[in-house]
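Below you'll find the structure, written out as structure tokens, and then a few comments.
The values are calculated or read from the model by the stated rules, or taken from the named source; none is laboratory data. All figures in this text were calculated on a predicted structure; none of them were measured in a lab. Positions of Cβ are backbone-derived with ideal geometry, glycine not excepted, and every protein chain shown enters the neighbour counts.
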Amino acid sequence: MEFSADSFVSKYRDDQFYSSLLVSFNRDLENVLTSLHHQMEENKVQDAIELCHKMAGASATYGYPVLGKLFERLEKDLEKSGTVDGHISLHLKTLDDVCNKITEANKELVVD
Amino acid sequence: MNSYLGRILLVDDDEKVRNFYTATFTRAGYTTIAVSDLASMREALSKYSFDAVFLDLKLGRENGIDGLPYVLKTAPFTMVFILSSQNSIDKAIECIDRGANWYFTKGTEPDDILTKLASYLEGKSEVGEKSSVEPWRENLVGTSKAINETAETILKLRDVDSTVLILGESGTGKEVVARALHKASTRANARFEAINCGAIPENLLESELFGHKKGSFTDAKADRKGIFEICDKGTLLLDEIGDMPLALQTKLLRVLQEKQVQPVGASTAVKIETRVIAATHRDILDEVKSGRFREDLYYRLSVVMVQIPALRHRKEDIPLLVDHFLSKFNKRFKKTINRPSQSTMSRLMNYDWPGNIRELQNAIERGIVLSGDGNLSVDDMFSHLKFGEAAVPTKVVSEEGFLDHPFFDLPLTDAKQAFEKTYIERLLKLNRGNVAELARRSGRYRADLYRVIERYGIDVDSYRQES
């Protein structure tokens, strides 16, 4: 799946007011994905659905609509399938890629 | 930061989202309290009045919309905005149908949210039906002598800054009168704030009222204005003043005398022009007599006293109140339930409404929600009494037997206290020492009950052990 470069940069990136919140959000992405992977491995579908739901809202709030949509789609698919199948794993892989690109694109973002 | 614009309650289970919107609202000039679940939301609503609540729909495994009726009932002057990640027209329509003012999806531009919020708060009094009565009188429903006298008193007080003490049983509408006093006054364009002195822990109340300086206590991470300062030039309702701890009563007296507050940890005082309205359901003179309320503060607060009559003493207002609530809830629930028949109205008129207007309002709401044939049914409206009978088995006592009770041989003050103690002990026994359940059944705040329990030396643990 292809995403434009804008997808990896928050719309609040240039707003100093939100910079410390944004740094903290970006920093936390890795932990979120680690948790999500664990939940998938242990087939804790309900926990994964809740985490995806939270992240869908949080990502949209922090100015990452594409990331928000990816989490939302994973949430919906998990609700539908009720288990972790190949299709879900593929979604998760896409999420990993997008999150890595977000981390990469925001490397130089620091709090003043 | 802009000047103070209002108080917001944000309910969202995600810390990241709470942090983002707390920052956004605070920068715009709103005091923001953020909580993560419905229980904390209810607790916050019992302590403060909020201008707006932002409610997430999915709070972990709780459904946020389940909290909507509670907000609408307990905070009728508060705007409710849904803030959800679900981008669904059907969901938005459902929420607005159920009484929310607006539906935002997460990701909406903060400026758009702030613009909508400001326009709702500015037009707050215009939301709803246009009324022929003056705006300040809109919620003072009735034509009885008692309510007209209350309205006349409000008008007499519109241009003066005298402190007002509002007395009345629970559910009589003390906050409605306080808001009417504010709206009718020359301060109408400034802030109105209400704080429940009985619901906030004693160690936090001083800071809530007067503010604090950074570092003055462990959690004081920044300077913070107290509610007196926040509504400078406006009106402050100190609700349940009878429950204010004695030590704080002394400080409040000084504030009222000197018209300045000293934030906790500050070396200088801040001048304020806040009009104070106090309210209590307690027999305040009784509290003075027993030493629980300072006499000098009582005189300072009671420059003007407004006694709101119990609904059983103004029964002629019941038909108008029924119409008022019928119209309000028909609109909220998109229903067209008819006015009650004459026989139903007679039943409503013959009941004494110990829970006053709040009980009547709940009965009408229940009647509308449960109505299946377009009419209000007496059974539906009074179902809470049946529930009470089932939930608390009571002995049938004849009137003679009841009047033989030793309470009747005591002076009134002692009899009331003896009854209060017995009442609490009985409910604790029934609920196996569960104070939350005691609070629910008695219709009192937990903080309030803990003080009463302490006052009577009741050992709650012994009821827990009994079970």
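Against the definition (touching a Lys or Arg at 6+ places or on another chain (Cβ under 6 Å) and surrounded by fewer than 17 Cβ atoms within 10 Å (Cβ to Cβ)), how does B:Ala222 come out, yes or no? Yes. Among the residues of the range B:50-66, some residue qualifies, meaning at least one is away from chain A (no Cβ under 14 Å), in a loop (DSSP other than H, G, I, E, B) and within 24 Å of the chain's Cα centre (by Cα). Where helices (runs of 4 or more DSSP H) fall entirely within the range B:384-459, those with at least 2 residues that are surrounded by 13 or more Cβ atoms within 10 Å (Cβ to Cβ) and either at pLDDT below 80 or within 26 Å of the chain's Cα centre (by Cα) (or both) are at B:412-430, B:435-442, B:446-455. Of everything listed in (1) crowded, with 21+ Cβ neighbours inside 10 Å; (2) modelled with pLDDT under 90; (3) farther than 16 Å from A:Gly57 by Cα, the single unmet condition for B:Pro76 is (1).
Across the range B:11-34, the qualifying residues are those that are touching a helix residue (DSSP H, G or I) at 6+ places or on another chain (Cβ under 7 Å) and part of a helix (DSSP H, G or I), and the one among them that is farthest from B:Ile113 (Cα to Cα) is B:Lys16. State whether the residues of the range B:34-54 include one that is under 17 Å from B:Arg98 (Cα atoms), buried (at least 22 other Cβ atoms within 10 Å of the Cβ), free of Cβ contacts under 8 Å to residues at least 60 places away in the same chain and not assigned by TED's automatic domain parsing to the domain that holds B:Ala363. For the range B:34-54, residues under 17 Å from B:Arg98 (Cα atoms), buried (at least 22 other Cβ atoms within 10 Å of the Cβ), free of Cβ contacts under 8 Å to residues at least 60 places away in the same chain and not assigned by TED's automatic domain parsing to the domain that holds B:Ala363: present. Checking A:Ser20, A:Ser7 one by one, the residue that is more than 11 Å from chain B (Cβ to nearest Cβ) and either in contact (Cβ under 8 Å) with a residue 60 or more places away in the chain or not in a helix (DSSP H, G or I) (or both) is A:Ser7 and no other.
Every residue, every condition in (1) β-branched (Val, Ile, Thr); (2) farther than 17 Å from B:Arg292 by Cβ; (3) without any contact (Cβ under 8 Å) to a residue 40 or more places away in the chain, yes or no:
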{"residue": "B:Lys416", "(1), (2), (3)": "no, no, no"}
{"residue": "B:Phe419", "(1), (2), (3)": "no, yes, yes"}
{"residue": "B:Thr422", "(1), (2), (3)": "yes, yes, yes"}
{"residue": "B:Gly433", "(1), (2), (3)": "no, yes, yes"}
{"residue": "B:Arg441", "(1), (2), (3)": "no, yes, no"}
{"residue": "B:Tyr445", "(1), (2), (3)": "no, no, no"}
{"residue": "B:Arg451", "(1), (2), (3)": "no, no, no"}
{"residue": "B:Ile458", "(1), (2), (3)": "yes, no, yes"}
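For B:Glu122, state whether it is assigned by TED's automatic domain parsing to the domain that holds B:Lys58, at pLDDT below 90, surrounded by fewer than 16 Cβ atoms within 10 Å (Cβ to Cβ) and within 30 Å of B:Asp323 (Cβ to Cβ). Please lay out each step first, then the result.
Numbers: assigned by TED's automatic domain parsing to the domain that holds B:Lys58: yes; at pLDDT below 90: yes; surrounded by fewer than 16 Cβ atoms within 10 Å (Cβ to Cβ): yes; within 30 Å of B:Asp323 (Cβ to Cβ): yes.
In short, yes.
You will find that of B:Asp111, B:Asp90, the residue that is within 13 Å of chain A (Cβ to nearest Cβ), farther than 29 Å from B:Lys174 by Cβ, among the acidic types (Asp, Glu) and out of contact with any Pro (no Cβ under 7 Å at 6 or more places or on another chain) is B:Asp111 and no other.
Reported count of residues in the range B:164-187, each being over 20 Å from the mean Cα position of the chain (by Cα) and in contact (Cβ under 8 Å) with a residue 40 or more places away in the chain, is 3. Would you confirm, using the coordinates I've provided, whether B:Gly265 is touching a Phe, Trp or Tyr at 6+ places or on another chain (Cβ under 6 Å), outside the structural domain of B:Glu122 (by TED's automatic domain parsing) and either under 19 Å from B:Thr32 (Cα atoms) or not hydrophobic (A, V, I, L, M, F, W, C) (or both)? It is false that B:Gly265 is touching a Phe, Trp or Tyr at 6+ places or on another chain (Cβ under 6 Å), outside the structural domain of B:Glu122 (by TED's automatic domain parsing) and either under 19 Å from B:Thr32 (Cα atoms) or not hydrophobic (A, V, I, L, M, F, W, C) (or both).
Of the residues A:Thr61, A:Thr83, A:Thr94, which single one is within 9 Å of chain B (Cβ to nearest Cβ) and of a type in the set (Val, Ile, Thr)? Show your work before the answer.
Details: A:Thr83 fails: within 9 Å of chain B (Cβ to nearest Cβ); A:Thr94 fails: within 9 Å of chain B (Cβ to nearest Cβ).
Unique residue meeting the criteria: A:Thr61.
The sole residue among A:Glu79, A:Glu50 that is free of Cβ contacts under 8 Å to residues at least 40 places away in the same chain, part of a helix (DSSP H, G or I) and more than 15 Å from the chain's Cα centre (by Cα) is A:Glu79. Give the residues of the range A:64-80 that are within 11 Å of chain B (Cβ to nearest Cβ) and crowded, with 24+ Cβ neighbours inside 10 Å, sorted by residue number. Passing the criteria: A:Tyr64, A:Leu67, A:Phe71.
For the range B:203-243, name all the residues that are within 23 Å of B:Ala190 (Cα to Cα), of a type in the set (Gly, Ala, Ser) and either modelled with pLDDT under 90 or assigned to a loop (DSSP other than H, G, I, E, B) (or both). Result: B:Gly226, B:Gly234.
For the range B:60-73, give me the residue count where each residue is surrounded by 21 or more Cβ atoms within 10 Å (Cβ to Cβ) and touching a residue at least 40 places away in the same chain (Cβ under 8 Å). Number satisfying all stated conditions: 2.
Yes or no: A:Glu104 more than 14 Å from chain B (Cβ to nearest Cβ), over 28 Å from B:Asp37 (Cα atoms) and among the charged types (D, E, K, R)?
On the way: more than 14 Å from chain B (Cβ to nearest Cβ): yes; over 28 Å from B:Asp37 (Cα atoms): yes; among the charged types (D, E, K, R): yes.
Yes, satisfied.
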